[in-house]
Amino acid sequence: MSTQHFLILCTHNSARSVLAECMLKHWAARLGRDVHAHSAGSHPSGRVNPHALAVLEAAGVSTEGVHSKGYEAFSGAAAPPLRAVITVCDSAAAEPCPLLPGAPLQVHWGYPDPSGAAEAERRQAFELTRQAIGYRMLQLLALPLAELDGAALRQALVEIGAR
């Protein structure tokens, strides 16, 4: 099976979805997995939260090329063939998912918004969110992705999200 593409979707594509994109890219590269991560927002803010960038960079995770964008970037003919869409915020999960080529499966892995933490605790909230997301991305990469059909992959991703 060729490269597997995963889209992580959040409302603003400024924090949680960016953390997830970068962590999945990071672990896929470290583990030699042919998996590519993308992120987008239903109502992108147009900027990545500086706290998200700071915790990623402090952990040695590349943020090169990361920017806030809408999911329309993944709906055209030139879009990569998505295997799955993972929503990481409750408001994005409650919205109708966009129609994307290939009808990728959809799952929800909710995380509290670290941007809502008190200023004195915000950096720690972002770091804890990065760690939680990174752990789930490691679990995703441990799956035999090439061997799983859509239903089996969806079930495995739901189980990861429930842990």
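Numerical summary
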{"read-out": "Summed residue charge, Cβ within 11 Å of A20's Cβ, Lys/Arg positive, Asp/Glu negative", "value": "+3"}
{"read-out": "Charge dipole (segment 4-153, unit charges on Cβ, about Cα centre) - positive-most of S75, A118, L19", "value": "L19"}
{"read-out": "Positive-end residue of A84, C10, H51, charge dipole of the chain with Cβ unit charges", "value": "H51"}
{"read-out": "Total charge dipole magnitude, the chain, about the Cα centre, Cβ charges on Lys, Arg, Asp, Glu only, Debye to nearest 20", "value": "180"}
{"read-out": "Order by protection proxy (mean Cβ within 10 Å, highest first), peptides 35-41, 5-11, 19-25", "value": "19-25, 5-11, 35-41"}
{"read-out": "Local electrostatic count at S39 - Lys and Arg +1, Asp and Glu -1, tallied over other residues with Cβ under 11 Å", "value": "+2"}
{"read-out": "Fraction of antiparallel bridges per DSSP, the chain only, in percent to nearest 5", "value": "0"}
{"read-out": "Farthest toward positive dipole pole in the chain [+1 Lys/Arg, -1 Asp/Glu at C-beta], among G32, S62, V158", "value": "G32"}
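Every number here is computed from the coordinates shown, using simple stated rules; none is lab data. From a predicted model like this one, the values you see are computed outputs, not experimental measurements. With ideal geometry, Cβ positions are generated from the backbone for all residues, glycine too; neighbour counts draw on all protein chains shown.
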